[in-house]
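Engineer: Dumping the structure here so I can ask a few things about it.
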Amino acid sequence: MSQNDRAAIGFEEGRTTTAEWFDELTRRRVTGPVSTQHRVLDRSLAAETLAVHAGSYEDPVTGSVGTPIFQTTTFLLDDASYGAFSDGSLRDVPIYTRYGNPSQWSVQEKIAALEGAESAVVTSSGMSAIASTVYALTNRGSHIVSAYDVYGGTYNLLRDDMPSAGREVTFVDANDPQAVKSAIRPETQLLLFETLTNPLLKAPALGAISRIASEAGALLVVDNTFLTPVNMRPLDIGADIVVHSATKYLAGHSDVTAGAVVGRRKFLDRVWAQTLRFGGSLDPLSCFLLERGLKTLPLRIKTQNNNARRISEYLRTHDAVTAVYHPDLGGARYAAMESENYRGFGGMVSFEVKGGDAAALAFMERLTLPYVATSLGGVESLVSMPGNTSHSSLTEKQKALIGINPGLVRYSVGIEDVGDLIDDLRNALPPRCEESD
Ligand SMILES: *Cc1c(COP(=O)(O)O)cnc(C)c1O
């Protein structure tokens, strides 16, 4: 194992937190897994092209255009499967669907291509992807750094499950690179941050954080659910692993629960082994839905970026709206962002309605186009109030500390016509003082 490899996973001679799994990472590895029927495209092609074609299974028997749904739990044993058992390459041969299935390989190859990565694993949910990653890439006696406002499920996993599993966690303000740096300890193995936070859409300085991680010899895991590779590719700026709730933008139609982990094959093999033990594999039908959704990811994201920017510009001028959060609005809030890393800022807009929670609830009920529901990233617009949904377990004081003020509404902007969405907002918000828009 090279010095770089040792450093890359946070292992150094003499550490008390010996990463005993280290030697497993030295076996020669290829990208994939894929079969000879899977379409592997040059990663330098445009996202629009990769989204449609990468990973497709070209069926030699029927010539089917599009990946068949390999709805099976097991595969005939042959010389290749026996060979895989004896040399430990079980990830590369279809044997049993929890281990791997051509439907999974298709969608994994597509997601890996879009993120510019060697390999990916798809899982049964975003939380399955995150839990498998955190467990696989740390060991007892290690330390993890994350943000106090990460996704609630991630926060609960880190706060409730990690200490009893022998991993200590420090939560910091992700927007303060100095705080991230100060939290690093000799035994820090993993940093976990998000490209954009929920619900206030803070954009941590991931370039600076990746430099801190590599100086510390720790891995940087980035949850790219809110931006997707169309807007931002964390691996390009030094992240080691990307995780997704594919339930959101990647699948994009609010009809499948799935997750993904993306990165170098040597890390992904380890994460894959963890998903086997946790049992979080993605079923073939969900793989099909995810693969189909992904084909239009760049089209959807460009429309959603644009719609969200237009909506945030409209809301900013409205006097019944006291604050609007969206990175495209720029300003001091986003000053620390290294903006050259972003091709777009996503389809989420959060804003505060004058008059607090009661006024915001009444406003949401007057909207006719978006559904009032949690989740995000689908083709249809959704609205919800973080204060009485995702963040309802926080005390008033904690909410205030994070910046979740009364009247905060989170809008996941869909692909509808933006003029229609703005008309709907205009009709639902209290009339302006001067009726002149
Ligand atoms: C929804 C979400 C998750 C969890 O994903 P599931 O698919 O619901 O398990 C994790 N991270 C972020 C940022 C999310 O929005």
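Engineer: Could you calculate the FRET efficiency of E48 with E416 from 1/(1 + (r/R0)^6), where r is the beta carbon distance between them and R0 is 25 Å, rounded to 0.05?
Structural biologist: Working: r = 21 Å, r/R0 = 0.86.
So the FRET efficiency works out to roughly 0.70.
Engineer: Under a cut-off of 19 Å between alpha-carbon atoms, report the lysines in cross-link reach of K295, not counting same-chain residues fewer than 8 places apart.
Structural biologist: Once the sequence-local lysines are set aside, what remains near K295 is K110, K248.
Engineer: Under 5 Å between amide H atoms, partner at least 5 residues away or on a different chain: which partners does K248 have, H built in plane at 1.01 Å?
Structural biologist: none
Engineer: Any chance you could run the full-extension gain for T36 through D160? It's 0.36 nm times the residue separation minus the Cα-Cα distance, nm to one decimal. Before the final figure, lay out each step's value.
Structural biologist: Values: separation 124, 0.36 × 124 = 44.64 nm, distance 4.34 nm.
Gain in length upon complete extension: 40.3 nm.
Engineer: Right, another one. Just want the answer: with Cβ charges of +1 for Lys and Arg and -1 for Asp and Glu, which residue in A308, F278, L294 is farthest toward the dipole's positive end in the range 254-340?
Structural biologist: F278
Engineer: Let me ask something else about it. For the range 116-130 and the range 43-67, what is the centre-to-centre distance using only Cα atoms, to the nearest Å?
Structural biologist: Cα centroid of the range 116-130 versus Cα centroid of the range 43-67: 20 Å apart.
Engineer: Taking the chain as the reference, fit the longest principal axis to its C-alpha atoms, fit the long axis of helix 206-216 to the helix C-alpha atoms, and give the angle between the two in degrees, 0 to 90, nearest 10.
Structural biologist: Helix 206-216 and the main axis of the chain meet at about 40 degrees.
Engineer: Which is farthest toward the positive dipole end of the chain among T62, A120, V52, measuring Cα position about the Cα centre, with Cβ charges +1 (Lys, Arg) and -1 (Asp, Glu)?
Structural biologist: A120
Engineer: List the relative contact order of the chain as a percent without decimals, with contacts defined as Cα pairs under 8 Å and 6+ residues apart. Write out the running numbers ahead of the final one.
Structural biologist: On the way: 895 pairs, mean separation 70.1, N = 437.
Relative contact order of the chain: 16 percent.
Engineer: Quick one: in the chain, what % of C-alpha pairs are over 29 Å apart?
Structural biologist: Numbers: 44582 of 95266 pairs.
Percent of Cα pairs beyond 29 Å in the chain: 47.
Engineer: OK, next. For K399, give me every one of the lysines with a C-alpha distance below 24 angstrom, ignoring sequence neighbours fewer than eight places off in its own chain.
Structural biologist: K202, K354
Engineer: Here is a further query. Expressed as a whole percentage, what fraction of the accessible surface of the chain belongs to carbon and sulfur atoms when a 1.4 Å probe is rolled over the protein heavy atoms?
Structural biologist: Values: 9270 of 17850 Å².
So the carbon and sulfur contribution to the accessible surface is 52 percent.
Engineer: Then there's this: For a paramagnetic label modelled at 7 Å from the Cα of D236 toward its Cβ, which residues of the range 119-151 fall within the zone defined by backbone nitrogen distances under 19 Å?
Structural biologist: 119-120
Engineer: Of the options T195, H253, I209, report the single residue whose Cα projects farthest towards the positive end of the charge dipole of the chain (beta-carbon charges: Lys, Arg +1; Asp, Glu -1).
Structural biologist: So the residue furthest toward the plus end is I209.
Engineer: Return the long-range amide H neighbours of L191 (sequence gap of 5 or more, or a different chain), with a cut-off of under 5 Å between placed amide H atoms.
Structural biologist: The list, which skips near neighbours in sequence, is V145, L219, L220, V221.
Engineer: Right, next: How would you order 179-188, 192-201, 67-76 from highest to lowest mean count of nearby Cβ atoms within 10 Å?
Structural biologist: Working: 179-188: 17.3, 192-201: 23.3, 67-76: 15.0.
Listed from highest to lowest mean packing, they are 192-201, 179-188, 67-76.
Engineer: Note down the magnitude of the dipole of the range 298-436 about its Cα centre, charges +1 on Lys and Arg C-beta and -1 on Asp and Glu C-beta and zero elsewhere, to the nearest 20 debye. Spell out each step's value before the answer.
Structural biologist: Working: 14 positive and 17 negative charges, 72 e Å.
Its charge dipole is roughly 340 debye.
Engineer: Ok, one more. Charges at C-beta only: +1 for Lys and Arg, -1 for Asp and Glu. How large is the resulting dipole of the chain about its Cα centre, in Debye rounded to 20? Don't skip to the answer; put the middle values down first.
Structural biologist: Values: 40 positive and 51 negative charges, 97 e Å.
About 460 debye.
Engineer: Here's a follow-up. Applying the Karplus parametrisation 6.51 cos²θ - 1.76 cosθ + 1.60 with θ = phi - 60° to the phi angles of the range 221-238, what ³J(HN,Hα) value in whole Hz is obtained for each residue in order, glycine and proline being reported as x?
Structural biologist: Karplus-based 3J(HN,Hα) across the range 221-238 equals 9, 10, 7, 9, 4, 6, 10, 6, x, 5, 9, 6, 10, x, 5, 5, 10, x Hz.
Engineer: If you don't mind, another one. T67's amide H: which non-local residues (gap 5+, or another chain) put their own amide H closer than 5 Å, with H modeled 1.01 Å from N in plane and none for Pro or chain starts?
Structural biologist: Excluding prolines and chain starts, which carry no amide H, the hits are Y57.
Engineer: Given the peptides 104-116, 225-237, 148-160, 405-417, arrange them by the average over their residues of other C-beta atoms within 10 Å, most packed first. Can you show the working numbers first?
Structural biologist: Details: 104-116: 27.2, 225-237: 24.4, 148-160: 17.3, 405-417: 22.0.
Descending mean neighbour count gives 104-116, 225-237, 405-417, 148-160.
Engineer: For the range 122-207, give the magnitude of the charge dipole about the Cα centre (Cβ charges: +1 Lys/Arg, -1 Asp/Glu; no others), in debye to the nearest 20.
Structural biologist: On the way: 6 positive and 8 negative charges, 31 e Å.
Charge dipole, the range 122-207, about its Cα centre: 160 debye, nearest 20.
Engineer: Sorted by packing (mean other beta-carbon atoms within 10 Å per residue), highest first, where do 165-175, 376-386 land? Working shown, then result.
Structural biologist: Details: 165-175: 17.9, 376-386: 21.8.
Top of the packing list down: 376-386, 165-175.
Engineer: Moving on. Could you derive backbone 3J(HN,Hα) for the range 413-418 from the dihedral phi with the Karplus parameters 6.51, -1.76 and 1.60 (θ = phi - 60°), listing whole Hz in sequence and x where the residue is Gly or Pro?
Structural biologist: 7, x, 9, 5, 5, 5
The values are calculated or read from the model by the stated rules, or taken from the named source; none is laboratory data. What you see is a predicted model; the values in this text were computed from it and never measured. Note that each Cβ is placed from the backbone with ideal geometry, even for glycine, and that neighbours are counted across all protein chains shown. All accessible areas refer to the heavy atoms of the entire protein, side chains included, with ligands and DNA or RNA removed. Shrake-Rupley method; radii C 1.70, N 1.55, O 1.52, S 1.80 Å.
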